1. Does the range 112-130 include one or more residues that are touching a helix residue (DSSP H, G or I) at 6+ places or on another chain (Cβ under 8 Å), in contact (Cβ under 8 Å) with a residue 60 or more places away in the chain, of a type in the set (A, V, I, L, M, F, W, C) and closer than 24 Å to R53 by Cα?
2. Looking at the range 241-279, which of the residues that are part of a loop (DSSP other than H, G, I, E, B) and free of Cβ contacts under 8 Å to residues at least 24 places away in the same chain is farthest from G217 (Cα to Cα)?
3. Collect the residues in the range 89-114 that are closer than 20 Å to D130 by Cβ and buried (at least 16 other Cβ atoms within 10 Å of the Cβ), keeping them in residue-number order.
4. Within the range 222-252, which residues are under 23 Å from the mean Cα position of the chain (by Cα) and exposed (fewer than 13 other Cβ atoms within 10 Å of the Cβ)?
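The values are calculated or read from the model by the stated rules, or taken from the named source; none is laboratory data. These figures come from a predicted structure and were not determined experimentally. Heads up, the Cβs are rebuilt from the backbone with ideal geometry, glycines too, and the neighbour counts pull from every protein chain shown.
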Amino acid sequence: MALKSYLEEQGTIVESIPGMALVVAELKSLINAIERESLQQLVIRTGVGDEKRQIKAGLVASCADVARKLAACAVTNNDQVLLVNCLTSDYKLGKMSDEQLVTVCRNMRDMGTQQLSAAAAFGLDQAGLDQLEAAITAFAGAMPQPRIATLKKKVATENLVELFVRADGLLAKSDLLVAVVKLRHSDFYVGYKFVRSLVDRVGRGWQLKVTVTEVEGGAGIAGATCKILAETGTNTSPLLTRKSAARGSFRVKSLPAGSYRISVSKAGYLTKSQVFSITRNELERVRVALEKG
């Protein structure tokens with residue numbers, strides 16, 4: 001995504017490289033596809049489980065309601081067998097396995113049907129039993145969904161792997177095409193190589209932490225636009241653009257050693273620019289204080 005943004009900003013040079021415009025278009029398409037598959041994974045992971053929990057809660061509530069009415073009937077009529085079979089609670093039902101819960105609820109429905117006349121005085125009616133039946137059917141239908149969701153998630157993961165393989169091949173092609181202008185557009189090439197290095201590598205720590213605050217009071221400023229540029233060279237296009245987070249900070253990984261300039265702006269504040277340096281394998285902390293304007 002960082003590379004796509006950089007290439008779009010350098011449209012004139014990109015268009016002068018044969019075949020590069022097609023690479024950018026395909027890169028955008030791949031990014032969109034990866035985002036769609038990632039979102040699908042999130043929906044599968046959270047949506048099915050949430051829906052099943054809601055259905056289970058409805059089943060537990062319906063079964064516990066029938067059980068309470070049957071228990072009251074059993075105590076009044078001194079029916080110990082019925083009392084033992086219907087003594088339960090929302091908590092106990094909620095802790096049961098799916099299969100056990102369905103079995104208990106079906107037994108409760110059957111007992112309710114048999115005791116319908118006797119328990120009518122305690123509020124048990126056919127509507128309540130029908131509601132329990134509907135809840136059992138709904139939950140029984142939701143039980144196999146996690147297995148289906150697992151299969152769908154596996155497919156989405158396989159699709160993501162394929163998309164990333166295609167993206168890697170596309171980036172390799174992009175590297176070869178950009179190399180032809182290394183001498184003619186040296187600043188563009190340096191910026192390109194910088195953006196290509198913005199990856200999280202195993203074992204490498206953060207290289208830069210930026211904190212944007214107010215001059216008065218020192219409170220963090222969220223949503224400030226922070227542009228990082230190379231301090232040397234003639235390229236005025238930002239190598240990296242980020243927004244400050246809720247407390248006014250953000251971090252960057254894999255920033256090559258060298259001198260940089262950061263320009264920070266936000267509506268209602270005066271834009272401020274300052275220079276900083278990155279030392280290899282050391283975290284550089286940069287604090288930028290903005291004045292209200």
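1. Scanning the range 112-130 turns up at least one residue that is touching a helix residue (DSSP H, G or I) at 6+ places or on another chain (Cβ under 8 Å), in contact (Cβ under 8 Å) with a residue 60 or more places away in the chain, of a type in the set (A, V, I, L, M, F, W, C) and closer than 24 Å to R53 by Cα.
2. A257
3. Hits for the range 89-114 are L93, L101, V102, V104, C105, M108, R109, M111, G112.
4. G223, K243, A246
Listed here are the residues, each with its yes/no results for (1) at pLDDT 90 or above; (2) among the acidic types (D, E); (3) assigned to a strand (DSSP E or B); (4) touching a strand residue (DSSP E or B) at 6+ places or on another chain (Cβ under 7 Å).
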residue: L183; (1), (2), (3), (4): yes, no, no, no
residue: K193; (1), (2), (3), (4): no, no, no, no
residue: V199; (1), (2), (3), (4): no, no, no, no
residue: R204; (1), (2), (3), (4): no, no, no, yes
residue: K209; (1), (2), (3), (4): yes, no, yes, yes
residue: V212; (1), (2), (3), (4): yes, no, yes, yes
residue: E216; (1), (2), (3), (4): no, yes, no, no
residue: A222; (1), (2), (3), (4): yes, no, no, no
